[in-house]
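These notes concern the structure reproduced below.
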Amino acid sequence: MSSVKLKTANLAKLSDNIAVPTYDRTAISPGIVHISLGAFHRAHQCVYTDELLAEQGEKAKNWALCSVGALPNDETLCRRLNGQDNLYTVVTRDEGGMSARVIGSITKVMHAPADPGGVLTRMADKATKIVSLTVTERGYGHDPATGKLDVERSDVAADLMMPKRPKTAIGYVVEALARRREEGLPAFTVMSCDNLQKNGELTRDLTIEFANRRDPSLGNWIAKNGAFPNSMVDRITPGTTQTDIDHIKSHFGIDDAAPIVCEPFKQWVLEDNFCNGRPEWEAVGAQIVPDVYPYELTKLRLLNVVHSAFCYPGYLADYDFVHEAIMDTDIQRFVRRLMDEEITPTLPHAPGMDLPSYKNKLIERFANPEICDGLPRICMDGSQKIGNQMLPIVRERLADGGSIRMLCFSIAAFIRFCRGIDEKGKPIEIKDPLANELRRAAQAGGRDPRPFLNLTHVFGADLAANETFVHGVEQALGNIEDQGIRSAVAAL
């Protein structure tokens, strides 16, 4: 099949089975600056906004996106998107087939390391009503054990020393808000779309803490005038590979240098807490609610925690992809026990959610063979994910006297993974901001998890000193050592 290069002038040439923007992209302008150009942002928030522009036209025209590549290695993606008028294709795949849609809601793409001044100017502009974030757990510059700003971290320390030349997301937010205050402009809403418990509240606390360290009056102004809605976001979105790009080109006849491949399912629950207006995302399926917490906690613990819980045993069992691991009978039984026995008792009531159906749907989504979500992607940043997401459950279960056997096994598998070598002697690449520290502690302890659990900036002093927890992890790690990962999972 011959292919058509993706750009505005060629949209009419695309195959009829590819949905394209039905609104006039020359008439829309960005009211949202989004920090991070990752796959999830483009598969989720941009899709909802694209659907809204198509639904509401003129009414929504000032709610397009300026998306910012925050990292040095985002330069290639920024260049690719700019080269195709900031258009890209979202391809959804499951066993029922594939569908493609060209997304046009991004009108401007910027690269922060190359043009930090331009990004700050855009954020401080009165047209910007919302600054949104998908910078992952580590991008917030905080200590997961305390929830406070990690002022010892080099990038955070540098931003506090030179606040007008920021490098961190929170640094950019505070400097842009400071400029708006100086110019007499209203604050923008800061909207976290990351998988963090109470993500809006965390972002608010970190932003105000950073601002107070710079100027307490600025912190007070942000606290009084800003807004930081909590949100729950969901769509499984693996990183795009060259194979994906080639397949999309051959299957749909579209030459797209920056496509996204994801599952059909998507969900967005958003707290109605904005200080400067917002799009009517509820018109295209988002849920705008007074309290996100029950939905957020349910999704975070049943999807994200479970993802982290079985990715390390799955990797150690020599699986490559999420769907392969979850289709292992013993791993799936482990996952279901973890969900039912140790996570579900910690969940609040979420109106309208049917938990048994939700859990079954999650297994079905994990098992989607068309997504090919690599386990190494899920294994990334384990210290942050476990610290932020899994350990709060451990603490609750300990306080209530509940079982933590499955949780301890998950952490033991993470420790075994962090040794950096699998059961066949093959090296494991640990992609984590604490990679070297994790490897040293895992190797030093051997069968004894204490050197690893004594990393208090991950586990906190409380868990490192809790004998029930330490013994549970020690027993699980010993089982993995004695039986091998597959037999140890089966024994659960």
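The values are calculated or read from the model by the stated rules, or taken from the named source; none is laboratory data. Worth saying up front: this structure is predicted, and the values here are computed from it rather than measured. Counting neighbours? That spans all protein chains shown, and the Cβs are built from the backbone with ideal geometry, glycine included. Areas reflect the complete protein model, heavy atoms only, side chains present, ligands, DNA and RNA absent. Shrake-Rupley method; radii C 1.70, N 1.55, O 1.52, S 1.80 Å.
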- Mean projection area, nm², convex hull over Cα of segment 358-485: 8.7 nm²
- Task: Inverting the mean 1/r over all pairs of different Cα atoms, compute the Kirkwood radius of segment 53-95 and quote it in Å.
- Result: 13.0 Å
- Query: Tally Lys and Arg at +1 and Asp and Glu at -1 over the other residues with C-beta under 14 Å from the C-beta of LYS59: what net charge comes out?
  - Reply: -4
- Task: Return the sequence-ordered ³J(HN,Hα) values of segment 76-81 in whole Hz as given by the Karplus equation 6.51 cos²θ - 1.76 cosθ + 1.60 applied to θ = phi - 60°, using x for Gly and Pro.
- Result: 5, 5, 4, 5, 5, 5
- Protection proxy ranking of 151-164, 326-339 - average other beta-carbon atoms within 10 Å, highest first: 326-339, 151-164
- Dividing the mean separation of Cα pairs under 8 Å (6+ apart) by the residue count of the chain yields a relative contact order in percent of 14 percent
- Query: Mind checking which aspartates and glutamates have their C-alpha under 16 Å from LYS126, skipping anything on the same chain fewer than 8 residues away?
  - Reply: GLU175, GLU182, GLU183
- Message: Is there a quick way to get the dipole size of segment 315-395? I mean about its Cα centre, with the Cβ of Lys and Arg at +1 and of Asp and Glu at -1; what is the value in debye to the nearest 20?
- Response: 360 debye
- Which angle from 0 to 90°, rounded to the nearest 10, does the C-alpha axis of helix 405-417 make with the longest principal axis of the chain? 80 degrees
- Nearest-10 value in Å² for the accessible area of TYR319, using the 1.4 Å probe: 50 Å²
- What ranking of MET123, MET98 comes out by heavy-atom accessible area, probe 1.4 Å, highest first? MET98, MET123
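Below 8 Å between Cα atoms, with a sequence gap of 6+, how large is the relative contact order for segment 327-460 in percent?
This gives 25 percent for segment 327-460.
How high is the relative contact order of segment 53-157? Use alpha-carbon pairs under 8 Å, at least six apart in sequence, and give a whole percent.
22 percent
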- Item | Ordering of 83-91, 214-222 by burial proxy (mean other Cβ atoms within 10 Å per residue, highest first) | 83-91, 214-222
- Accessible area per residue of the chain at 1.4 Å probe, in Å²? 39 Å²
- Task: Quick one: of LYS59/LYS198; LYS385/LYS431; LYS7/LYS249; LYS7/LYS129; LYS108/LYS299; LYS7/LYS61, which pairs are farther than 23 Å apart, Cα to Cα?
- Result: LYS59/LYS198; LYS7/LYS129; LYS108/LYS299
- Query: Leaving out ligands, DNA and RNA, what percent of the accessible area of the chain is carbon and sulfur, probe 1.4 Å?
  - Reply: 48 percent
- Rounded to whole Hz, the Karplus (6.51, -1.76, 1.60) HN-Hα couplings of segment 478-492, x for glycine and proline: x, 5, 5, 5, 6, 9, x, 4, 5, 5, 5, 5, 4, 5, 5
- Note on the structure: Quotient of Cα radius of gyration and Kirkwood radius for segment 70-175, i.e. Rg/Rh, equals 1.05
- Message: With unit charges on the beta carbons (Lys and Arg positive, Asp and Glu negative) and the dipole taken about the Cα centre of the chain, which residue among GLY387, PHE414, PRO356 sits farthest to the positive side?
- Response: GLY387
- Task: Assign unit charges at the C-beta atoms only (+1 for Lys and Arg, -1 for Asp and Glu), then state the dipole size of the chain relative to its Cα centre in Debye, rounded to the nearest 20.
- Result: 980 debye
- Message: Using a Cα-Cα cut-off of under 15 Å, which aspartates and glutamates could be cross-linked to LYS359, ignoring same-chain neighbours fewer than 8 residues away?
- Response: ASP234, GLU296, ASP340, GLU341, GLU342
- Query: Of LEU438, VAL335, GLY117, which is farthest on the positive side of the dipole of the chain, counting Cα position, with +1 on Lys and Arg Cβ, -1 on Asp and Glu Cβ, and the Cα centre as origin?
  - Reply: GLY117
- Taking only DSSP H segments of four or more residues, each worth -39500 (n - 2.57), what value at 222 nm results for the chain once the sum is divided by all its residues, to the nearest 500 deg cm²/dmol? -12500 deg cm²/dmol
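Just how large is the dipole of segment 94-139 about the Cα centre, in debye to the nearest 20, putting +1 at every Lys and Arg Cβ and -1 at every Asp and Glu Cβ?
Charge dipole, segment 94-139, about its Cα centre: 320 debye, nearest 20.
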